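The values are calculated or read from the model by the stated rules, or taken from the named source; none is laboratory data. Please read all numbers here as calculations on a predicted model, not as lab measurements. Neighbour counts are summed over all protein chains in view; Cβ atoms, including those assigned to glycine, are modelled from backbone coordinates with ideal geometry.
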Amino acid sequence: MKDATPRATLLSEYRPFSHLIDAVELDFRLAPNATRVRSRIAFRPNPAGEGGPLRLDGEGLTLISARIDGKDVAPRILPGGLVCEVPDGPFTWEAEVEIDPASNTALEGLYMSNGMYCTQCEAEGFRKITYYPDRPDVMAPFTVRIESDLPVLLSNGNPASREGGVAEWHDPHPKPAYLFALVAGDLVAHEDAFTTMEGREVALAVWVRPGDEGKCAYAMDALIRSMRWDETEYGRPYDLDVFNIVAVDDFNMGAMENKGLNIFNSRYVLASPETATDGDYGRIEAIVAHEYFHNWTGNRITCRDWFQLCLKEGLTVFRDQQFTGDMRSPAVKRIEDAHLLRGRQFREDNGPLAHPVRPESYVEINNFYTATVYEKGAELIGMLRRLVGPDAYRRALDLYFERHDGEACTIEDWLAVFEDATGRDLAQFKRWYSQAGTPRLAVETARDGNALAVTFRQSTPPTPGQPEKRPVVLPVALGAIGPDGTELMPTRVIEVTEAEQTERFDLPEGAVLSILRDFSAPVILTREQSAQDRALLLAHDTDPFNKWEAGRTLAKDALVAMITDDRAPDTAYLDALAPVLGDETLDPAFRALVLAIPSDDDLAQTLASAGTTPDPQRIDRARHALIGALAKHLEEQLSGLYDAMRIDGPYSPDAGDAGRRSLRNAALLLLSHRDEGARADAQFEAADNMTDELAALTTLLRIDRADESVARFHDRWRDDRLVIDKWFSVQVMHAPGPKAADVAARLTEHPAFDWKNPNRFRAVMGALGANHAGFHAEGGTAYDLLADWLVRLDPVNPQTTARMTTLFETWPRYDADRQALMRAALERIGNAPGLSRDTSEMVSRMLG
Ligand code: PHE
Ligand code: ZN
């Protein structure tokens, strides 16, 4: 049941819970439509609480019985829970409820997926399992008993006993309810073992449906590497005797860090060379690591309340980014992360959904699992580390773990640790947590002989609810390159703290500054710089991020001129690329990134932030023209690269081979504009791995010659859900703009379009949103199609619906016609009868 008038929860209204919990015992008797859950909870008054009756959260529960200290009680049942008078001292609460997992399509709480039971409790799903103080600052040890005919019965912690159809689990580490998990199913395990630095033997298992056991080796390998890395880099050993990962097909998000029992969307576990791309392997590695790292940053030290979400998510994303950098290439990883941040987080920060890394108010917390909380949250950790240096960072983290293990903490606790470990005052830095919006950093230079004065001006545009902004602390890493390409000034970090600040450098005439190296702060840098200087940095910058960035800016400038002034592709850009592509000392993965053309959405965002209304059709045309020009200009070189990057021998997902494939496939896409898809056709037939097969298919789709391959791909893979998701997705993603909505609509009629499965729904509708020219095609048919489907999905799965409404968040960027059409689509969603709290909050924030 949804509240009629949803009320906002405010950070300022935080109060500790009335009681503490010494122990929780849960007893599950599983049945698809009538699962019985008995709870036995030892409460005692919280000295820091305010007394009063016991208030427990609960949603969609049928209360069978309730007792306190063995005596029946009759609590008052409210819309979101219950209230009960309780003794002044400690007491035991016992309740039995009935729930209906088979009808749970929202995938929060206890639900069923392909005959298997599983749970998702973050953020507030536990209240759909039993009455409980469902808030992260109430931590308790759990004992769980599961009764079922299914062969595999799992929960958090260590296995305590197993007899016939009953399993018991005990988790000694106090935890909040959002980390509870239960799984029951007919599953098979891929097993391994790990010995911790403390000598603890840990049994590891990845649980999947029978038939998928051959696709778990990479996830297991990533887990073992993560466990080792957290020990060597952060001194953090694992703390239970077992670690289980379970793959489920129906899951709203990527994965979940439940204590000792991580539950994953199966797309982030299952991989074989034939069915998973290099990108999939990379995401599996990163997400397995991310969830594992939560064991210390999230589980052992958790959040006091959901406003502190970035405390665990920002830090854990930062840690998984470091891990991937160490496993693969730090330079490539940094470019990819900065690129993702700009694509998703800057988009959010510059639209109606902008919010601080630590929000101060929410209606539905599920709506705040955002790029801002996660990715910008991670950037804040990166800036802190850059400001204090790696050694002080490690000292601060050691202190964090020592001081707060077993606690539910705040951002204030986090920053205090850094202040205490380093003696630094972080008062101004803290603004990063409360101020929304992307800071603009404008740089101007003035020369007097060898003295170069560099003036930095920072400002942050207004965001919803925050008209005025104050200056933030910006670590600006910079260096300089001489006209002959040698480095004149190695990287140093300037701390820009004022609205305007001038720094002086001793640098000769002709020196070219390389500013914001390694993307040292999440800002939009604006700066006049000649195409020659950019080409110089592309050729010679010692900082890989800025080397890539120089090429990127050249490409964007060329494209913007093509879009706004109908100019021809800039030959300076085309000429500057050739030497980088041919530089064999450079990692192929890096060269592939240099060769990637800025996306339509990226261009729309760039134009909008410079005050120009983006025209999706013109953007699409310009981008095609540049691709055509690039292909023509570099044909010979690309053809050479295509042959040289070929890999003979068995597929390996490692970063080296994946980099070669990415460069080769980037060349393939360009070359298809010269060879009418001949190479792509051949590659599609010959490919022995999904990376090459899908790249060939995508290429053929982009030149609109894929009809036959699309059909063959389907026949080949009809029995593999995850591959069929790709099949749905690429057809929509790469359809020519005017056709995209039709292609999507036609695919929703395909028998395999199981729209209640979030992966499948996103495969089609997410891809439609990602096809810029298609989504924004004249007339608004794509907007309408998406709105129709969101209205249909909302009663079934509010969380995924609300998330997907963000495809409309860019409406203010566009022309009046498109704005009106997008707003009308949003209004239609907003007016749907019985709309969920999740979706209604998103729609009203977007419409302002
Ligand atoms: N906490 C999960 C993660 O980032 C994400 C998640 C949130 C999963 C909410 C499910 C529900 O690791
Ligand atoms: Zn996380």
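A few points about this structure:
Residues are listed down the side, and each one gets a yes or a no for (1) within 15 Å of ligand 2 (Cβ to nearest atom); (2) in contact (Cβ under 8 Å) with a residue 12 or more places away in the chain; (3) surrounded by 24 or more Cβ atoms within 10 Å (Cβ to Cβ); (4) outside the structural domain of PHE418 (by TED's automatic domain parsing):
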{"residue": "HIS294", "(1), (2), (3), (4)": "yes, yes, yes, yes"}
{"residue": "THR297", "(1), (2), (3), (4)": "yes, yes, yes, yes"}
{"residue": "ARG319", "(1), (2), (3), (4)": "yes, yes, yes, no"}
{"residue": "GLN322", "(1), (2), (3), (4)": "yes, yes, no, no"}
{"residue": "ARG328", "(1), (2), (3), (4)": "no, yes, no, no"}
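- Leading residue by the ranking (farthest from VAL248 (Cα to Cα)) among those in segment 201-225 that are assigned to a helix (DSSP H, G or I) and more than 25 Å from the chain's Cα centre (by Cα): GLY214
Residue by residue, here is whether (1) part of a helix (DSSP H, G or I); (2) touching a residue at least 12 places away in the same chain (Cβ under 8 Å) holds:
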residue: THR585; (1), (2): no, no
residue: ARG591; (1), (2): yes, yes
residue: LEU603; (1), (2): yes, yes
residue: ALA608; (1), (2): yes, yes
residue: ARG618; (1), (2): yes, yes
residue: ALA629; (1), (2): yes, yes
residue: LYS632; (1), (2): yes, yes
residue: ASP643; (1), (2): yes, no
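- Any hit, segment 283-294, residues being acidic (Asp, Glu), under 25 Å from PRO159 (Cβ atoms) and touching a His at 6+ places or on another chain (Cβ under 9 Å): no
- Within segment 645-676, tally of residues that are acidic (Asp, Glu), outside any helix (DSSP H, G or I) and under 15 Å from ASP587 (Cβ atoms): 1
Conditions (1) part of a strand (DSSP E or B); (2) at pLDDT 95 or above; (3) surrounded by 20 or more Cβ atoms within 10 Å (Cβ to Cβ), marked per residue:
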| site | (1), (2), (3) |
| --- | --- |
| GLY406 | no, yes, no |
| THR445 | yes, yes, no |
| ALA453 | yes, yes, no |
| VAL476 | yes, yes, yes |
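- The requirement of being outside any helix (DSSP H, G or I), closer than 26 Å to ASP250 by Cα and either under 29 Å from the mean Cα position of the chain (by Cα) or among the basic types (Lys, Arg) (or both) is satisfied by ALA184.
- Candidate set from segment 270-290 (those that are under 29 Å from ARG135 (Cα atoms) and surrounded by 24 or more Cβ atoms within 10 Å (Cβ to Cβ)); member that is nearest to ligand 2 (Cβ to nearest atom): HIS290
- Residues that are assigned to a helix (DSSP H, G or I) and of a type in the set (Asp, Glu) within segment 735-752 comprise just one, ASP742.
- Residue in segment 173-180 that is assigned to a loop (DSSP other than H, G, I, E, B), in contact (Cβ under 8 Å) with a residue 24 or more places away in the chain, within 28 Å of the chain's Cα centre (by Cα) and at positive phi present: no
- In the set (1) surrounded by fewer than 23 Cβ atoms within 10 Å (Cβ to Cβ); (2) more than 14 Å from the chain's Cα centre (by Cα), the condition left unmet by VAL248 is number (1).
- Residues in segment 503-528 that are crowded, with 17+ Cβ neighbours inside 10 Å and either acidic (Asp, Glu) or assigned to a loop (DSSP other than H, G, I, E, B) (or both): LEU507, ALA511, LEU516, ASP518, SER520, ALA521, PRO522, VAL523.
- Filter result for ALA371 (away from ligand 2 (no atom under 15 Å from the Cβ) and of a type in the set (A, V, I, L, M)): no
- Scanning segment 445-462 for residues that are without any contact (Cβ under 8 Å) to a residue 40 or more places away in the chain and closer than 20 Å to ILE494 by Cα gives ALA446, THR460.
- Segment 557-570, residues that are part of a helix (DSSP H, G or I) and surrounded by fewer than 19 Cβ atoms within 10 Å (Cβ to Cβ): ASP557, ALA561, THR564, ASP565
- Failed item in (1) in contact with an Asp or Glu (Cβ under 9 Å, 6 or more places away or on another chain); (2) within 15 Å of ligand 1 (Cβ to nearest atom), with ALA354 passing the rest: (2)
- Scope segment 591-616; condition among the polar types (S, T, N, Q), surrounded by fewer than 20 Cβ atoms within 10 Å (Cβ to Cβ) and under 23 Å from ALA767 (Cβ atoms); matching residues: SER599
- Residue match in segment 361-378 (condition: surrounded by fewer than 22 Cβ atoms within 10 Å (Cβ to Cβ), more than 19 Å from the chain's Cα centre (by Cα), at positive phi and not assigned by TED's automatic domain parsing to the domain that holds GLY465): no
- Candidates are the residues of segment 235-267 that are in contact with a Ser or Thr (Cβ under 6 Å, 6 or more places away or on another chain) and under 17 Å from ARG225 (Cα atoms); the one that is nearest to ligand 2 (Cβ to nearest atom) is TYR238.
- Yes/no for ASP241 being away from ligand 1 (no atom under 15 Å from the Cβ), closer than 17 Å to SER729 by Cβ and of a type outside the set (Gly, Ala, Ser): no
Yes/no matrix, rows are residues, columns are (1) closer than 18 Å to ALA744 by Cβ; (2) within 16 Å of ligand 2 (Cβ to nearest atom); (3) of a type in the set (Val, Ile, Thr); (4) surrounded by fewer than 20 Cβ atoms within 10 Å (Cβ to Cβ):
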| position | (1), (2), (3), (4) |
| --- | --- |
| LEU785 | yes, no, no, no |
| MET804 | yes, no, no, no |
| TYR814 | no, no, no, yes |
| ASP817 | no, no, no, yes |
| LEU826 | no, no, no, no |
| GLY830 | no, no, no, yes |
| GLU841 | no, no, no, no |
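- Those helices (runs of 4 or more DSSP H) of segment 758-845 in which at least 2 residues are at pLDDT 95 or above and closer than 22 Å to ILE365 by Cα, considering only elements entirely within it, cover 758-761, 781-793, 798-804, 816-830.
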